[in-house]
Each structure stands twice: as structure tokens, then as C-alpha cells.
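Nothing in this text is a laboratory measurement; each read-out follows from the coordinates by a stated rule. The shown structure was predicted, so the numbers you read here are calculated from the model rather than taken from an experiment. Because the Cβ atoms are built from the backbone with ideal geometry, glycine has one as well, and the counts that use them run over all protein chains shown.
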Amino acid sequence: MKALPWVAAGCLALLLAASFAAPSAAGRRGGSRWGADYFPNVPLTSHEGKELRFFDDVIKDKVVALNFIYTSCPDVCPLETARMANVQQILGDRVGKDVFLYSISIDPENDTLEVLADYAKRYKAGPGWVFLRGTEDDVTLLQQKLGLISEELEDLSEHNLSMVIGNQKTGQWMKRSPFENAHFLAEQIGSWLHNWSKPSLAANNYATAPELRNLSDGETLFRTRCAACHTIGGGDVVGTDPLNFGPDLLGVTETRDLRWLQRWILEPEKVLAEGDPIATELFERFGGISMPNTGLSAEQVNSVIGFLRGEHQRLTEPRTAKAPVEHSAHSSEHGEGHPPHH
Amino acid sequence: MTNIAHQLSEMSPRNFVRLRARTVLTAALASLPMLLPLAAMAKDDDSIAAQNALIALEGPVPGIIAEELPLDLIPKHPEEYAFEGGYTGTSSDAGEDINLYNLRLVPDGRDIPTGAKPSPLFGATPFDQQMLRFEEFGPVPLGAETSVLPGPDFPSPPDPESGPSSSALDSFLNQFITPSLALPHPFPTRKANDPDNGGSDENPWKPQIESFLGRPLVTPPAEGRPPGEDWAHQRFTEFFPKVYLNTLQGLARPNGGARDALQFHQYNAGEWAPGGLYHNTAGVPGTAGTTAGIQVQFHRNFPVQDPLALWTWDGTFPPKLLNVRYGEPLLMRHYNALPIDPAANFGFGLHTLSTHEHNGHNPAESDGFTQAFFFPGQFYDYRWPLALAGHDTFPAGDPKAGTPTGDPRAGASPDLGNRMIQGDWRETASSHWFHDHMLDFTAPNVYKGGAAAMNYYSSIDRGNEAVDDGVNLRLPSGTALNWGNRDYDVNLMISDKAWDEDGQLFFNIFNPNGFMGDQMLTNYGWKPYFDVRARRYRFRLLNGSVSRYFRIALVEMVSGSDGELSGPPGSNISYNRVPFHMVANDGNIMEHAVAFDGASSVAGFENRKGILPSQAIGERYDIVVDFAQFAPGTKLYMVNLLEHKNGKRPEGEIPLAQILNGDYHERSSEPADQPVPDDQSYDSDPAVTRFLEFRVHAYSGTDQSMDPANFVAGLQTMIPLPSFTQEEVDNAIHRTYEFGRSSGTDADPFTIKTSGGSAFNADPRRVSASSTKSGAEIWHLKSSSGGYAHPIHVHFEEAQILRRGGTAPPEWEKWARKDMFRLGPLNDSGSSVDIILRFREFLGTFLEHCHNTQHEDHSMLMRWDIENPGQVRVMPTPLPTWDGVGYVPSFALPTFRTGDPDGADGYAGDPLNVPDSSGLLMLSNGTPFRTFLATQHEDHATLLRWDFENPGPVRLPTPPPATGDDAGYASSIGGSPAAPEASAVAVNVPEPSTLMMLSSGAAFLTFLAARRRRDRG
């Protein structure tokens, strides 16, 4: 029976612990209570081929953001990954110094090191952002320990999308949605989890956070589902160096056939699989990053298209008295040469 | 153990380590013989482990006794040296300490306690300790600002991992306070006391914080309330605090009796006097007439809690109660005495706080918005107006809208008068509670002790059963004090908890579905008994759990087999169910009492004798039980019937018979209450159990309290429901909120859809709905996740349930004003609840969320605002840091002001349960509501803020310039004030979509620029 040695060891440990009758004083600290005794020290391999231990090398004494992905994911993983890229860009050279980003594959069979390395390159992963693979059992255990799964999944695509952010040393752990504003995420990772020992990031970034108005449904969807990879009119969503995971969408409603556009947003994986020439060209142009299926309904797709169309009109027409009001209050905070992004 | 722990609680962490080590090793040596057979047994399968274990014990022991060797020489685990951080380096070594039996891995297993092993009971037996009664905070009259003298600052901690010393805290709590006067320094101010924004005081822990952060703080404010006008106390002059309360959230410490003199009863009146049932607070020698010496401990057999394991109000046990009366605004100065280092938390809980008064009619700045949290060393002034809802529309003049006069303290001269106040008496509230509401950390912080009870007293519910003035309902209470007697009025906070193998409180922070404890505590005591007189009692039951629902039954134990339900085989005992009446639901006295006697009608729902309906987290039920029917010596029990397997939802009810006869618990806690030994999981839910014993004692007094049987439907009314006119119903904005793990890509975490829009998780900046002050709205709460139960809580305003599951609600909800709405699979819950509510008097930023606090933290929570009619800008969102609170812009959903696009059309059928509107919106003095409205002193619609005493800059946007990129609106925070004439056109502003939000963006930049300049300098 496979479990027997563990149970026996467990009993022994229980007795030991019980007879010691007190926690190590270290157990009084969040970081040690949720430390080596809690997190599995399972072996993982990085996309660069390095052998790492989950606890010792990946999270110990670090501020981390972790998500679980698989590279053949047809829908939301690319969005999760793109959001991580946004966070990496905002945090800049702190990534790899006092903030560490990890994307762990839940599909080790297909996500070989080569595949992961290629994926990392496509998403411009810098030195502090590591893609990892381990055995299926070990990765499942990690997800369980992080509170990301509580029951068996039928299908990989049902996996929990949450990003886990935490400070292992202090034992603060939180779950975050990949649809969250990248600035907000970066603020929490870069400032809150560091107990504000670094002054707030918001000093530079809240000012340019895009949500400043009563958002239409289409705009809300664009900001949460599309903006990680796309811009409208060249204004970059996170900084001065466009990540360029996807084309700028200014005028896309004019240049593409409406039905094609609807279907491309609704089920891009099928369009691509059919060998559609535009889809294929985009796939190749953007380094093999495929347009994700973001799970929008037909109605939501129309809302997004409506928003894109409205933005095209707004940005290409001469400015009226009313239009500039929306962004002018903080326009001085935009970088030079960047048109307003909304 | 108790003594040692007592010493420990007074010691610094460094000493703590040492002493602990010695204790540990003594215990280890003592247990050595016991260990050997086990080691031998394990040898075949795991000889390395066994050897290592022995080496571990043999090796370092002598050195440790010398106290000098580092502790880490003792491997905690036999294979610790296999790899640093884990002992095998494979999946099997994970979480041995916390999570030896990872119950989540057991198919169909019972994840109780969540992700942990059973809580040890240290040989304790049930019902052998006296239940603690709540200790009163004891607010005292606030003196004049001119009389205030400077005093020492809030005491600071010796190091970042500790709080201030216990004695320093006790003397600080009392230094500005006598039982008759409070002269706090610094004196409370309308705007937050922030030196950057007109305040005068800095965080007194500044040097310690700077040293911990490793960077300078320039002017960290003393008060954590967001600065400026937006979070200033609304209508401060009008509702200026008359009474004051100083408290702190602090590390567990022994009670020093600091509040003894502040108890209304002074341990010298009624049952609190010597010889009374409740004079001795803990039922042990030394605690007669005082709480001094009471430890933070769930049972005397269990270890005293580590200072970092529990963070309670004052840092002490018993749990605390705030007694207040209507018409007497209160200011609670809440100090944060938690460690500066967030890691010093015993593994759960965050040291930043925000306190929510559930469900007070309070302005937003004192409501405990989740993103208005404050830091160690700071205080936050919560000012609760204690005004009846409808204050602005119902003039004083009806004695039912009133408040008791007189001094409530024992020995005060008799004064049973009643002062009439403004407001709708049908909005009178009774049983509230307040608790932490920290963003993402509410569950651990409340679990860790951040919950207190709050009783509202009024002319109707005055806490003196003898007063027969035609207004007082005379609920069981007592007669010794003018008002606020608690002799026969008992708060019960019931919650499940778990503790680790050392008996220290445990919480699994990685539990997305909800956290389950395996042991039931009442008022923080494990399975206590409670002495009662043979007369009527009022019990105020509060479910203070994180994720557990209850269904509570009351039974009488009888000798022999004559009872209707038998005891365990061979026990020669049996049980009878005991009927009782529910008189208040969610703390609000109902229109009619509901008898749980198995006979009355309850509108299609089952009325069962002696069994309450489901009670979700945060729900309160006030019941009246008549013990006069029992002979002295009789024992009764409260029993929890609702079984959980995990935190997602209650599994279902276990028949009472099976719990009492022992069938349900094959080998767990009932009736022997033995812990499950080396087992992988419980076979049954150990919290489905008898958890509280009542012991009946003779009563020689006269029970003058009302008989609730005279107040059931068809007989007398208690507090009729506030009504809505047909016009209000017809014109109501409808809003639909769907709680779930929604379809589409937002599969996880928990989400809320508003008015048919997209599903969102929590973002404190997002305004999902804005209701207009004085408007009525109909809200449709729906659950789209069948496998989960979601108890929904709406802040600020209680509501009436129009429909539950599309049909009439049961009797106990039909007559009720509620703030908790259960959604989920139970037969008394259902997948939808339709409610009607209205918003009055106060404005600002409030919340609506799932009160399974783990769901709330992950992140089933949304923000809604109350706005003035015609308001254009949206309240900005506070962003607290050590340095001070800044603001970031808020944003809103497209439907936030309009509600459901299809309005009432989306709501099929006629509303049910709307009380007859004929005449009910007349004032009690006969004045028609609308006539009265027109005569009110202030037309709120012309102001965007509420500062009656000082309107200040009118908070309206300046009209946009005709052209140019610099167009925009002046900021309301630090920006230029708008032209005064703009105020006259407030209601005619252009549509919100182009206008809102911009103002605060600029303000925030101003704030940040100032901070940056300062940081550089």
C-alpha cells in the first residue's frame, strides 16, 4: 500500500510533535507557519533548464506571483500570461530582484522545456519571470496547497485562473484574478506585499490607470479581456515599450469584415485551425502568439466591436468641445508622444 | 501549563523561545518511553525515519537544558535533513506540521477542520466550565474639548513583533476616562486627524515603524480615517458624539479588570450583585465581581492562547458588548495595537483593520468600508449617530420613537423616562454586532477575535421589563437599572473554531471554499454551561463563524426514557424539544413573534417545535425561552443540527434523534466528546452536537416580562414593518445581483453580476450601484452557483423580503427587517430573494457581499454608493498606506445609476408581502409624509455634501471650457472650489457618462506630488 510509509511516518511525527507540546517559536510567524512544513519542496525545472525546488528555490523568503497555465490552452491562459507580462513591465527591473514571477505548467506532457522556453520568449519573459514544469502529481499538489483546486478537474481548461500573489516570509497570500488591472496587481505585489517598505507604486501608475469614467460594457470587456495585448491608436496600455502581443486595433472595425471580426473574437482557435489567411498572417506576425478565446458571448463580442467602432470615430474625428474632457485631466501624465489611450 | 502560558504572555518573544524550548524538552523526555514502541513498529516501513527520530531525541537534549544551543538543532521531523525545507523532497512531505492528514485528498471526505487535523481536547469534558457573559465596553459621556489636557501617546511596542505591554495598554485605556467623563486626547475632529490635511497628530509609533520599514515617514497621520471632506464625519454638529469609547485591537493578554468600573451593573445590581447568578464572571475563585484574571483561553484544560494567535477587542476575554441608546451619538476610538511586522500573526490575519458596524444606520465614513483600513499605532474614530432611520422625515413627537432617559449605572437615581426623538420608530434596531472588514482578510481577522456585540436600547426595547408605559415592549431583561439590564437578556456568539496540536488557534489561509472549524464555541468558551433562573430569558443568538451555518434546537434532558427522543443506549436519559418564540430577526424586533412550537402557521415552511431555521454567518435571531416550566436542577441543551462537509455549503440537517442517541457520531465527539485519534478524518461533523448546557435554578423574583405568545400574528404587534407606498414600489429602481462562479471566463474566484452586466470579482474602486438618498429600490438577489451557499449581507439598510424563491417568505421573514439574505441549497434558503429597501440620511460608499467571509475575501464583494439626487461625481477610493491615505479614482458600471435595464419588467409577477400602504406613510401624528418633507430644514438636493454646519466649497464640477486639452473639472480635494452659483443647477448636469471621475484624478496627483516632494526632501 503506497500510503503506508507516509502514514507511519506521519504517526511518528504526530507523536513527536504532540509530545513536544509546543510549536517552535518560529511557528508564531506567518512565514514559518506557511513555510517549509506547509509547502511541498517538489522538484521543478525552469524553461532555462535549471533544476529548482519549489520551496527552497522558488518561493522561500520571496515576494512572488504564481499562475498555472498550459501553452496549448485555446482560451484564457494567453490572457493570464499577457497580464503577467504587463505586471512584469510595470515592475521593471524589480522583477528578479525583490519580486519573482512564475508560470507553472499544468500540462507537463506537452509543455516540454523547449515549448516553455519558446512560450517565455514569445511573451518576453525577463530574468525574474520563470516558466516551470514538474510532474503532474507534484503540480497538482502545488495547486492544492495554494488553495486553487479542491476537486478533480475533468478538463484542463477548467483549471483555476487565479493568480496567487504572496510574501512567503510574512505569510501573506492572496488570490487575484488575471482580469484585474495590471497596475493594481503591480501595486499589491510591489508595495503592499513589501509592507510599503518601498514607497507606493501608485505615484506613477495610478495616474495613468485607464478606468476613469463610467465604462460601457464594451469598454469594460476591452479593458479586462483585450487590453493586455491590444491598444487602440497606438497608445500603449502599460508603459513606453509596447509589448506588441497583438495588433493595434484602431480602425479594425473599418478594415475587417464585420462577420469575420465577430467570429474571430468569438472562436479564434477555429478560425486559425481552418487556415484562414488573415488569422494565419497574424499568428506569424506576432511570433506565434495565437488570439485567445476569451469566452465572450455573441452579445459581448458585439459590445466590444461597438466600443472599438466608437473609439475609432472619436479618435479620428476632429476634437469637439466635449470629447477631450474625458482624458484631459490627467493628460499631462502621459508620456511624450503618446496619444491618449481612450 | 496555564501558569507557564500566563508568564509567556507577558514575555518578550526572545524569552518566549527559550522558555518554550525548556518546556518542550521536558515534555519530550517524559514521553520518550511512549515513543519507543512506536519507533519499533515503524522500523520495517520506515526505519530511517525511526532512527532519525531517535537521534533527534538523543542528540541535543543535554545541550538544550543548558539553554544555550540553538533550537534548530532539534529536527522537528525525522527526515528534516533530507532536504532543506522538506524532508523527502517529494510530494509526500508537504505540510506535515499543519496538515498531516490533508483531508482534501480523501475522496468524498469531510474537510473539517479545513485542511487540518482534529483539534485536541486536552482531556476536557463538555459542560464543565461556566459560559462567559459579554463584558460591556461601557461608553462614558464625552467632555468638552476645552477641558482636555494633553496626555501620553498611545504606548508603543518594544519591537515590531509585539504589541505594547499589557499594563501600559490598560492604563492608556483608562487615562482619559472616568466612569462619568471622557476627555480624550487628541480630541475627536470632524475631518481625519492627518497632519498633511489640517490635523495635528502623528502616528505615535512612527520611530518603530520607520525602523522596521527602513525608510523615513514624514508625517504619518495619527488617525487612519481617509483625510479631507470626503471621509469627514457627516452631519457632525448635528450628531456630535455624546458618549465616547476607547478600545483597541490587540494581542491576546490576561484581562486586568480595566472595564470593571464601566459595567452598567457595577457587579452590584440584580443578578450581577453578590449572590446573583452572574456576579462571578468565570465561575472560579478570584473572578467574583471582576473580569481581572480571565485568560484568553477556550477551556481551562486548553493552553492559554499565544498573544499572536488571537487579536481581540482590548486583547482580552470575555468578548465585548457595546450598550448604546438611540439619540445618543457615540464615538468609538478604535486603536490598532497589532504588531508592526505583518508576519507576526501566528499564520493568519492581517494587522490592518477596518471596522464594520453590522448593520447600523451609519454614514459611510463610519461603516467600515473595506478599503478604508488603518495601521498599527493609528486610531480610527467611528462615529455612530444612533439615529432612527427616517430621522429627516419623521419629526419627534411619537413616544414610540424614543429613548430611555436616566443613568443606566447601578445606584443611579430612578429615572424611567422616555425622550422622544426624530425618526421612524418602525426602524428601531436592537441586536447588532461589529467586526473587522479588512480587504481580503476579513475571514481570518474576524475569526481571530475581531467581533463584538452591540445592543441598541430604545423606548420600545429599553432593557427594563418593569417599565409599563404603553411603549416599552418589556422583553425579558431585568429591573435593577434604569435601562440596559442584562440579567435575563443574554448575548450568545456561537462560532466554530479549530486549534493546532498545541491548542493554539488555527486557520487555513489556503481555503477558497470556506473554513470549517471542528469545535463549537459559545462566547469563546468550548461547550460551556450557563446558569439560568426558572423564568423567561431573551437570548440574542449570533452566528459568528467564518463559513458554517447553524440550525439550532433546544432540548430538555429528562431522566429515564419518558422523553420524546432517547439518549444514547444504556444512558437512561431522554430528551424533549422545548418550544420558544423568535422575537427579532437580524437584530430587528419583528411585527409579530413567531412560535417554534410545531403548530403555528409559517407560510408554507415547516414550523418545528424547538428548532430554529437555518442561521447563516452574521445572522442574528433573538428568542425568548421560558424556563419557568422546568424544575430547578433541570438541564437543557442547545444542539446544532446542520452538517457540513466543507465550507461550500451546509450538507443538510441531521435528525435531532440521531444526534442525541449517538447514532450520528460513530466515533467522534458526541456524547463522549472524545477527539478522533489517529484517523484520516472525522466520520461525522463534530460541530453537529450539543454545544451549550443550561442549568435551571429557582427564581424567587417576579417575572414581569412580556409573554411573546401574546404577540404572535393575529394578536398584538411588536414593531410593525415600515411601509412603502404603491407609488414608491412602482417607481423603485430595480437591481439584480447574481452571485456565483459565473459562466464564461470569470470562472473563479467568486463573482457578482450586477443588473445583467458582466461578472466581476471585488474591486473597491468599482461602483456597481449608486442609490439615491431617499429613494426606494427593489433588489433581486440570485445565486447562480448551485453547489454553494451564499449568505448575502447588505450594509447600511435592512430590507423587507418580498419573495423568497419566488413565493412568500416564511413567517419569520415576513414580519422581519433583515440585513442577511441566505441564497443556496437549503430548504429555507433558495436561489433567489427579492427585497425592498430605501436609503436615507447619510451618503457615501458602502458594500454588499457574501458573508461566508472566505467567499467575501475571494472575492464576492461589491461596492455601492449612496448619492444625493443630482450628484455628478463619484466618491474616490481611499488608498491607505503607512504614510497616509491617498485617493484613487473610482469607476462605475454602466447601470450604476439606472439599475436593471428592463426595470420592473424583468421582475415577473406582483410583489408579495408589501405591507398595506394605506396611511402608513402618514406620520404618526397624522401629518402626511410629503407635507412634512417640504418643511424640512434643508433641501439636500442642493448640496452634494452634507456639511450643514459648514458647507465649505460646494462640490460641483465647473462647467467644461469649450475647447482645449486642459478642460476638466476642478478637484474637490485640494483643487479649486467650484463657482458658488453652480450649486443651483446641480440637478441639471449633463449625463454622467462624460462628466464623472475626472476631479478626483487630479486630486490624487496633487496628493502624490506632495508626498513625493516630501519623500525626496
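Work through the residues other than B:Pro404 whose Cβ is under 12 Å from its Cβ and net out their charges, Lys, Arg +1 and Asp, Glu -1. Present the calculation step by step, with values, prior to reporting the outcome.
On the way: positive: B:Arg325, B:Arg419, B:Arg462; negative: B:Glu328, B:Asp407, B:Asp415, B:Asp461, B:Asp469.
Its environment carries a net charge of -2.
Report the paramagnetic label zone for B:Asp663: residues of segment B:540-571 whose backbone N is under 15 Å from a point 7 Å from Cα along the Cα-to-Cβ axis. Zone members listed by number: B:564-570.
Find out how many positive minus negative residues lie around B:Asn588, taking Lys and Arg as positive, Asp and Glu as negative, among other residues whose Cβ is under 11 Å from that of B:Asn588.
Values: positive: B:Arg426, B:Arg620, B:Arg817, B:Lys818; negative: B:Glu427, B:Asp461, B:Asp586, B:Glu591, B:Asp622, B:Glu798, B:Asp819.
Local net charge: -3.
In this structure, A:Glu254 and A:Lys124 have a Cβ-Cβ separation that, at R0 = 41 Å, corresponds to a calculated FRET efficiency of about 0.90. For the cross-link pairs A:Lys62/A:Lys175; A:Lys121/A:Lys145; A:Lys60/B:Lys497; B:Lys648/B:Lys814, the ones whose C-alpha atoms lie over 22 Å apart are A:Lys121/A:Lys145; A:Lys60/B:Lys497; B:Lys648/B:Lys814.
For B:Thr146 and B:Ala261, what does the FRET efficiency come to when R0 = 30 Å and r is the distance between their Cβ atoms, rounded to the nearest 0.05?
Values: r = 25 Å, r/R0 = 0.85.
Efficiency, from the Cβ-Cβ distance: 0.75.
The length gained on full extension between B:Ala412 and B:Leu181, counted as 0.36 nm times the residue separation minus their Cα-Cα distance, comes to 81.6 nm.
Taking the number of other C-beta atoms within 10 Å as the exposure measure, put B:Ser859, B:Ser571, A:Ser191 in order starting with the fewest.
Working: B:Ser859 26, B:Ser571 15, A:Ser191 19.
By the 10 Å Cβ count, ascending: B:Ser571, A:Ser191, B:Ser859.
Using R₀ = 22 Å, calculate the FRET efficiency as 1/(1 + (r/R₀)^6) where r is the Cβ-Cβ separation of B:Ala628 and B:Val284; round to 0.05. Computed FRET efficiency for B:Ala628 and B:Val284: 0.15. Measuring nothing but how far apart in sequence close Cα pairs (under 8 Å, 6+ apart) lie, relative to its length, segment A:36-193 scores a relative contact order of 31 percent. Annotation: amide H-H contacts under 5 Å for B:His358 (H modelled 1.01 Å from N, sequence separation of 5 or more, or interchain): B:Trp433, B:Phe434, B:His435.
Taking 7 Å along the Cα-to-C-beta vector as the label spot, tell me the A:Leu113-B:Asp683 distance in nanometres, rounded to one decimal. For the pair A:Leu113/B:Asp683, the computed spacing is 5.1 nm. Ignoring lysines fewer than eight residues from B:Lys635 along the same chain, the ones with Cα atoms less than 21 angstrom from its Cα are B:Lys527, B:Lys609.
Computed from label points 7 Å out along Cα-Cβ, the spacing between A:Thr135 and A:Lys270 is 4.0 nm.
Averaged over peptide A:38-49, the number of partner chain Cβ atoms lying within 10 Å of each residue's Cβ comes to 4.
Provide B:Phe694, B:Phe187, B:Phe379 in ascending order of the number of other Cβ atoms located within 10 Å of each residue's Cβ, fewest first.
On the way: B:Phe694 25, B:Phe187 17, B:Phe379 28.
So the residues, fewest neighbours to most, are B:Phe187, B:Phe694, B:Phe379.
Would you tally the net charge around B:Pro207, using a Cβ to Cβ cut-off of less than 14 Å, leaving B:Pro207 out, and scoring K and R as +1, D and E as -1?
-2
Length gained on full extension, B:Ser600 to B:Phe122, computed as 0.36 nm times the residue gap minus the Cα-Cα distance: 167.6 nm.
Report relative contact order for segment B:496-642 in percent, whole number only (criteria: Cα-Cα under 8 Å, sequence separation at least 6). The partial results should precede the final answer.
Numbers: 292 pairs, mean separation 43.5, N = 147.
Relative CO of segment B:496-642 lands at 30 percent.
Extension gain, B:Ser211 to B:Thr237, is 5.4 nm, computed as 0.36 nm per intervening residue step minus the present C-alpha separation.
For segment B:519-711, the alpha-carbon radius of gyration amounts to 1.03 times the rule-of-thumb value 2.2 N^0.38 Å expected for a compact globular protein. For segment B:546-562, the residues whose amide N sits under 16 Å from a probe point set 7 Å from the Cα of B:Asn827 along the beta carbon direction are B:551-553. For a modelled paramagnetic label at B:Thr405, 7 Å from Cα along Cα-to-Cβ, no residue of segment B:141-174 is in reach, as no backbone nitrogen comes under 17 Å.
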